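First comes the structure, then the notes that go with it.
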Amino acid sequence: MRTSQFFFTTLKEAPADAEVVSQKLMLRAGYIKRSAAGIYTWMPLGLRVLRKVENIVREEMNAAGALELLMPAVQPFELWEESGRGPAYGPELLRFKDRHQRDFVIGPTHEEVITDVVRRDVKSYRQLPIHLYQIQTKFRDEIRPRFGVMRGREFLMKDGYSFHTSFDDLLREYGNMYATYSRIFTRLGLEFRAVAADTGAIGGDGSHEFHVLADSGEDDIAFCPDSDYAANVELAEAVAPATPRAAAGKTMEKIATPGKMACADVAAFLAIEPTQIVKSIAVVAEREDGDKQFALLLLRADHELNEIKAAKIPTLGAFRFASDSEVQEYLGCVPGYIGPVGVDAGKVTVFADRTVAAMSDFVCGANEAGFHLSGVNFGRDLPEPAVFDIRNVVAGDPSPDGKGVLGICRGIEVGHIFQLRSKYAKALNCAFLDENGKSQIMEMGCYGIGVSRIVGAAIEQGNDDKGIILPPTIAPFAVCIVPMGYHKSEAVKAAADQLYADLKKLGIDVVLDDRNERPGVMFADMELIGIPHRVVIGERGLKDGQFEYKGRTEAEATMIAQGEIVGLLQGKLCGA
């Protein structure tokens, strides 16, 4: 491609409302143009990157035995009513009526549609398993779209769905997709981790997220440097302390702590460490029959509540934080001084984190404004609590696999695989006849990749003060030729055109910058848009039979013999 034949637009400055690095650079490099909040036009340069990502995803999915189809973006709402997900999905589901006043939605995902497709035509166990996928535009009406293509309302996604006669066969395909996704992100040239994750609103049993590692990531990932263990912090297990609880060594005492409501303030006032304080978080679970369960969740002061874990406590379930009036009603105290000692067990349920259960002689609220209790011990001063893992792990915690300690890094979720099981198949009666002629509900798997999000994530991972740094596999062009004086020197023009032709003949994705621009402008543009390899051709170098080569991340350029440049580029691209 020649720049003179390309729609090439770059900006010196990013728009003021651009928030993250990828959004700023994609707008500056002319990858995308904003059409509306969270909705972008992919310009020719950005589309080249997007299509390269899409092609790698497609090639690996096809190689893994999945079959591509294309489902409609517009879906009948009646399918969402049938699955029971319509009301639950919320305002992110964009609904509208057609001219006949029938309800439709713009698809944010396609579980309902694909299940409807399969239940119509798959009747026998002989037709299973089957794995169908698509790469298609989705729409979710985010309340606050942000971060450019990282959290837009319209996005390109690969979503695949597998159907099985048994859970064992679902597990086989789940493993196949885990390996396939690992190959995809490896081929994309990204540093990533697969982490155990919560299934969230989609539902099902096991799931894994695939994260591109980047300091700007929204998700915290717990990992063990000494093993393969990795999990989203929402799911990572906080192992119980290895040492048993020490015997009580102090007498419980009520201490005045006037105005000290925050744990940090209490610790400073009492000249103790936060690790000696137990904080009580008041929550309420509302039942379908109208009853309310008031509970205290006990955590060590320096730990944070993991709401996902806590909501899985069998006797608690989904909950919300208690209001000030509810705290006053159940504990007779204002927030900031509440604690588990002396509560009415008939009205208040107490759940303790594993770390808290191993504490002795601790400090907690006294359920009296301006006071805390010290020297508190379970079994003596209050009943033994129900114990669960309800906190977020922190760096230095033991790894759940017993092979070291955990570290915490940031990641951007770009893929997610789920064992859906029978959630949608049962709701939509997606069944088959087994070997005995008996009707059985199918087992399902779901596998998603954020194709457009990968572009943003790759730029969040690869950038510098000059612009975008992309792996050659997904860069808009692998090589750029920058001729000095292309319109003034016949020798430069001839050498540039010949190298361009030679590289094209070898199938190398090359761009020739034949604009009549100053060298500084051409260098800056090629670095901004993320071309991995640059060849500069000038009259001075030609006199010595040399071209100037520079890799995007290299500090200095190197002079290469004119006859060796093609072989050099081939070697670098093959090794990428």
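The values are calculated or read from the model by the stated rules, or taken from the named source; none is laboratory data. This one's a predicted model, so the numbers in the text were calculated from it and none came from an experiment. Ideal geometry is used to build each Cβ from the backbone, glycine not excepted, and the neighbour counts take in all protein chains shown.
Do you know which of the residues in the range 250-289 that are surrounded by fewer than 16 Cβ atoms within 10 Å (Cβ to Cβ) and among the hydroxyl-bearing types (Ser, Thr, Tyr) is nearest to the chain's Cα centre (by Cα)?
Per the stated criteria, the residue is Thr275.
Yes or no, residue by residue, for (1) at pLDDT below 95; (2) touching a Cys at 6+ places or on another chain (Cβ under 9 Å):
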{"site": "Val455", "(1), (2)": "no, no"}
{"site": "Ile459", "(1), (2)": "no, no"}
{"site": "Val510", "(1), (2)": "no, yes"}
{"site": "Asp544", "(1), (2)": "yes, no"}
{"site": "Lys550", "(1), (2)": "no, no"}
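If the requirement is being touching a residue at least 24 places away in the same chain (Cβ under 8 Å) and more than 25 Å from Leu27 (Cα to Cα), which of these qualifies: Leu503, Leu512?
Exactly one of Leu503, Leu512 is touching a residue at least 24 places away in the same chain (Cβ under 8 Å) and more than 25 Å from Leu27 (Cα to Cα), namely Leu503.
Would you confirm whether any residue within the range 93-101 is within 28 Å of the chain's Cα centre (by Cα), modelled with pLDDT under 95 and closer than 30 Å to Ile184 by Cα?
yes
Specify which of the listed residues (Glu234, Glu273, Glu218, Glu286) is out of contact with any Cys (no Cβ under 6 Å at 6 or more places or on another chain) and under 21 Å from Val343 (Cβ atoms).
Just a single option satisfies the conditions, and that option is Glu286.
Based on this model, can you work out whether Ile459 counts as buried (at least 24 other Cβ atoms within 10 Å of the Cβ) and part of a strand (DSSP E or B)? Please lay out each step first, then the result.
Details: buried (at least 24 other Cβ atoms within 10 Å of the Cβ): yes; part of a strand (DSSP E or B): no.
Here the answer is no, as Ile459 does not meet what is asked.
Only one of (1) in contact with a strand residue (DSSP E or B) (Cβ under 8 Å, 6 or more places away or on another chain); (2) touching a residue at least 40 places away in the same chain (Cβ under 8 Å) is not met by Thr473, so which one is it?
Of everything listed in (1) in contact with a strand residue (DSSP E or B) (Cβ under 8 Å, 6 or more places away or on another chain); (2) touching a residue at least 40 places away in the same chain (Cβ under 8 Å), Thr473 misses just condition (1).
Give the residue that is nearest to Gly456 (Cα to Cα), with candidates limited to residues of the range 36-46 that are surrounded by fewer than 19 Cβ atoms within 10 Å (Cβ to Cβ) and within 22 Å of the chain's Cα centre (by Cα).
Per the criteria, the residue is Ile39.
Consider Val105 against the criteria (1) in a strand (DSSP E or B); (2) out of contact with any Phe, Trp or Tyr (no Cβ under 8 Å at 6 or more places or on another chain): it satisfies all of them except one. Which criterion is unmet?
Answer for Val105: the failing condition is (2).
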